[in-house]
Every structure is written in structure tokens, then in C-alpha cells.
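Trainee: Take this structure first; my questions come after.
The values are calculated or read from the model by the stated rules, or taken from the named source; none is laboratory data. Note that the coordinates shown come from a computational prediction; the quantities given were computed from them, not determined experimentally. Glycine also receives a Cβ, built like all others from the backbone with ideal geometry; neighbour counts cover every protein chain displayed.
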Amino acid sequence: MADPTPDMTVHPQVTSFFDPQSNTISYVVKDPASQSCAAIDVVMNFDYAAGRLSFDCADQMIAHITANDLHLEWIIETHVHADHLSGAPYLQEKLGGKIGIGEHIQSVQDTFGKIFNEGTEFQRDGSQFDALFADQDIYRVGEMSCFALHTPGHTPACMVHVMGDAAFAGDTLFMPDGGSARADFPGGDAGQLYDSIHRVLALPDAMRLFVCHDYGPGGRAISWETTVGEQRRANIHVGGDTSRDAFVKLRTERDAQLAMPKLIIPSLQVNMRAGEVPVDGAGNLMLKVPVNKL
């Protein structure tokens, strides 16, 4: 039997976890009708200078899930992140659950497989993940019916996940005073991003919207929850009657001034593999640094 149309009045419990190194917010989303939950955008900590991995952020999520006797069903990646390494395999090893990402991961793998000069052993079919979501795919977290919206522009594989009255925007949107994600990475497109944002803004006004990053513009406290209605009214990049052409001009000019994220090189190599660190011929964990490719 097919899943019923998702009920966007269901009110899941959302618990947030902030990583100050990458300004990433991860989430545990609990179905209100059961002990089932999903984890979204899990962080693996990485000391780049030392080449050392740790799991402080993921361990906080594990402690929360364990202390509340929750059952982890899904580990969702909203996209292939360029600013933090995914802790999805670590969480899965400890608690189970299926790792899912948008089906256009294959395009991302093809693009960055070439940039990092990966050999034929690197599969570019998304098979590293347990599930690949197509646009408007419906899935369940316990009794709660959820769905995924394809929102390309920042990357080709970006998706916004809607779980009851909560939408998880990934990097498609930031808080209203933060605007939107950059669109200048390989495969990005500012016009596509504008169209994707307006798909999100077509959701109900009262829909809670949770962002993946916040940088506290103007020195305000770090925040991560807003609403679709607030974004439509007040987002500094797309709010009000901002036209597509005006957004593309603003986004293109702004992107030209931005530096690359500090962890983009290790993040892309790891995250396109569903959070697994690549190994060399001797089986050692090893990362590459492509020169003049990004």
C-alpha cells in the first residue's frame, strides 16, 4: 500500500545540535506518535591541520537518542556538504538506520570524481547510500509520512525534507537576515536556486523551517528556526517581490567575493562517499588536494 499524502499539521519534536567549527546545525526529528526518529545532516569533526577525526557532535546526538529511548530509522543528508564532513556512517554503526540523499548525487559524484581524479573503483551511481530520493518521494518516520523536494541551485542534489509541520532546508535558505546559499560551486546555478527557493516558499506560511547553517549576521545570537511565512516576507535575498533577474545578479556578485569553505576539500571527498573517508592502496585513510581545480 502506498504511503498516504503527508499530513503537514503533524508536529514532530525537533532537537538541534550546533557545531561551532562549521556553524552547522544538525537535527533529531521525533515522530510524535512513536519512538521513531530521523537524524539530519550529522557532523563528523575534523582537525584539518592535524588530519584527525573525532565525533563530539555525533556523540551528542547519540546520547540524546539513547537517553530518550528513540529508534533511529533515517539518517538524512540534505546535500553533499562542502563545509563539514558527514558523521552518517558513525551514527549508523552505533544506532542503525538508513542513510538517504537525493538521487542527483550521481551528478555530484561524476563532477567531483573527475576533480579528485578518482579511479574506476569509486562508484558514481549513488550506491554508497542506502536510499536515493526522487523529487516528491514519500517515506515514513514511524507513523509520520514525510516527503522530499528537489531544490537544486546550491548543488544538483540538494533536497528540502518536509516532516509534518517542519521543513529542513539544508543550504537552500538561511535565516531571513542571512539570505540564501552560494551557487558558484561546480553544478550550482543561481537561477535554479531562485526557482528552488520559491518551491519552498509555496509551503504553508506556518511551516517551521530549520536551516543547516547560521553565522549570526550583525553579531546576533546563532539561530536556526524560522517559518516559511517569515522567509517570504523578510528574507534579504528573495523576500517580498524580488525578481529572478535581481536575485541572480545579487547572488552572482556576492559569490564572486566569497572565499572557499575551509573544509571543502576533505568534505567533498568524504561526503560524496556517504561519509566514508577514502583509503589509499595500503588501506590507510587518505585525502587528496587537487590543485587549481576548484
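Trainee: Do you know which of the residues in region 115-152 that are of a type in the set (S, T, N, Q) and in contact with a Lys or Arg (Cβ under 8 Å, 6 or more places away or on another chain) is farthest from A33 (Cα to Cα)?
Mentor: N117
Trainee: From V28, V10, V14, grab the single residue that is closer than 20 Å to G100 by Cβ, not in a strand (DSSP E or B) and not basic (K, R).
Mentor: It is V10.
Trainee: Can I ask one more? I'd like to verify a number: residues in region 184-194 that are surrounded by 20 or more Cβ atoms within 10 Å (Cβ to Cβ) and free of Cβ contacts under 8 Å to residues at least 60 places away in the same chain, how many?
Mentor: So the count comes out to 2.
Trainee: Can you tell me which residue in region 239-252 is nearest to D165 (Cα to Cα), limited to those that are surrounded by 15 or more Cβ atoms within 10 Å (Cβ to Cβ) and in contact (Cβ under 8 Å) with a residue 40 or more places away in the chain?
Mentor: G239
Trainee: Then there's this: Filter region 253-294 down to the residues that are loosely packed, with under 14 Cβ neighbours inside 10 Å and of a type in the set (S, T, N, Q), then identify the one that is modelled with the highest pLDDT.
Mentor: My answer is Q257.
Trainee: May I pose another question? How do the pairs read when you match residues in region 172-183 that are within 15 Å of Y194 (Cα to Cα) with residues anywhere that are buried (at least 22 other Cβ atoms within 10 Å of the Cβ) and among the basic types (K, R), using Cβ under 7 Å and keeping only pairs 6 or more apart or on different chains?
Mentor: From residues that are within 15 Å of Y194 (Cα to Cα), the pairs are S180/R251; A183/R251.
Trainee: Could you say which residue among I236, I265 is in contact (Cβ under 8 Å) with a residue 24 or more places away in the chain and over 25 Å from H104 (Cβ atoms)?
Mentor: Of I236, I265, the one residue that is in contact (Cβ under 8 Å) with a residue 24 or more places away in the chain and over 25 Å from H104 (Cβ atoms) is I236.
Trainee: Shifting gears a bit: Taking V200 as the residue in question, decide whether it is in contact (Cβ under 8 Å) with a residue 40 or more places away in the chain, surrounded by 18 or more Cβ atoms within 10 Å (Cβ to Cβ), in contact with a His (Cβ under 9 Å, 6 or more places away or on another chain) and not basic (K, R).
Mentor: no
Trainee: Scan region 80-99 and report the pairs whose first residue is more than 19 Å from G170 (Cβ to Cβ) and without any contact (Cβ under 8 Å) to a residue 40 or more places away in the chain and whose second residue is in a helix (DSSP H, G or I) and among the small types (G, A, S), with Cβ atoms within less than 9 Å and a gap of 6+ or a chain change.
Mentor: K94/A58
Trainee: Which one is surrounded by the most Cβ atoms within 10 Å (Cβ to Cβ), of the residues in region 31-59 that are β-branched (V, I, T) and in a strand (DSSP E or B)?
Mentor: V43
Trainee: Let me ask something additional. Select from region 88-142 the residues that are small (G, A, S), in a loop (DSSP other than H, G, I, E, B) and buried (at least 17 other Cβ atoms within 10 Å of the Cβ) and list them in ascending order.
Mentor: If the condition is that a residue be small (G, A, S), in a loop (DSSP other than H, G, I, E, B) and buried (at least 17 other Cβ atoms within 10 Å of the Cβ), then G97, G126, G142 are the ones that fit.
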